[in-house]
Amino acid sequence: MNVQMEESWHRRLAPEFEKPYFEALTTFIRQEYTSGPCYPPGRLIFHAFEATPFDKVKVVILGQDPYHEPGQAHGLCFSVPDGIALPPSLKNIYAEIQSELGVTPPSSGDLNRWAAQGVLLLNATLTVRRGQAASHQGRGWETLTDAAIQSLAREREHIVFMLWGSYAGKKAAFIDPQKHLVLTSAHPSPLSAYRGFFGNHHFQLCNDYLAAHGKEPIKW
């Protein structure tokens, strides 16, 4: 399969592109994008990998699937393009950062500034049909993104994995806590943020860990 992806990631994930599940996934996604609106735009499906090359990753934040309304999804989990209203989960993320670090949140929800500093903003499922959350789950994306996480966990050291909610938390099973910092809590969604996301101190813990291992903290 001829997949256009940032080179350092392509080298690690190329074996996945030759597997039957990925061929079936590619066929399904092409049909979906042809039959009606899907997000993100095709050129941005692999944007998380493009924005944060393999060797630059310091932090992984895992989302479930892209925003499913027009203009929101652009290939980074929890992020929206500049000028788009902040989604509720991102508002809660900003509120926690302000509480922990005293940082006044920006008006923009574009998190490319985090990605450029080494924060891999990866959704487990990389595409979605308009207006239908989780519509592309279980089609193969999770196998690919699990392979990406496993590759980081195996080849790298001292990465901070922020796993929010029960879905993301399951990924801790293949991350060695002796090599990496694994942070789990409730999801920042308004449905669950008050059950453990607020007050989790993940952003401060992340920066403390990075500094302790000689890495530049993230400017959240």
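The values are calculated or read from the model by the stated rules, or taken from the named source; none is laboratory data. Here the structure is a predicted model, which means the values were calculated and not measured. Note that we place each Cβ from the backbone using ideal geometry, even for glycine, and neighbour counts take in every protein chain shown. What goes into the accessible areas is simple: the full protein's heavy atoms, side chains included, and nothing from ligands, DNA or RNA. Shrake-Rupley method; radii C 1.70, N 1.55, O 1.52, S 1.80 Å.
Quick notes on this structure:
- Residue pairs meeting the criteria (Cβ under 8 Å; at least 6 apart or on separate chains; first farther than 13 Å from His202 by Cβ, in segment 56-68; second open to solvent by 50 Å² or more (accessible area, probe 1.4 Å) and hydrophobic (A, V, I, L, M, F, W, C)): Asp65/Ala133; His68/Ala133
- Number of residues in segment 30-45 that are under 30 Å from Gln117 (Cα atoms) and surrounded by fewer than 20 Cβ atoms within 10 Å (Cβ to Cβ): the value is 4.
- Qualifying position, being touching a residue at least 40 places away in the same chain (Cβ under 8 Å), more than 21 Å from Asp65 (Cβ to Cβ) and not in a loop (DSSP other than H, G, I, E, B), among Tyr194, Tyr209: Tyr209
- Filtering segment 172-185 to residues that are under 13 Å from Ile61 (Cα atoms) and either open to solvent by 20 Å² or more (accessible area, probe 1.4 Å) or of a type in the set (D, E, K, R) (or both) leaves Ala172, Leu181, Val182, Thr184, Ser185.
- Residue count for segment 53-94 satisfying the condition of being assigned to a strand (DSSP E or B) and in contact with a helix residue (DSSP H, G or I) (Cβ under 7 Å, 6 or more places away or on another chain): 3.
- All positions within segment 143-171 that are open to solvent by 30 Å² or more (accessible area, probe 1.4 Å) and either within 17 Å of Gly63 (Cα to Cα) or part of a loop (DSSP other than H, G, I, E, B) (or both): Thr143, Asp146, Gln150, Arg156, Glu157, His158, Ser166, Tyr167, Lys170
- Matching residues, segment 97-126, being outside any loop (DSSP other than H, G, I, E, B) and more than 14 Å from His74 (Cβ to Cβ): Ile97, Gln98, Ser99, Glu100, Leu101, Val119, Leu120
- Pair list, Cβ < 7 Å and 6+ apart or interchain, from segment 109-124 residues that are over 24 Å from Gln137 (Cα atoms) to residues that are surrounded by fewer than 21 Cβ atoms within 10 Å (Cβ to Cβ) and among the basic types (Lys, Arg): Gln117/Lys219; Gly118/Lys56
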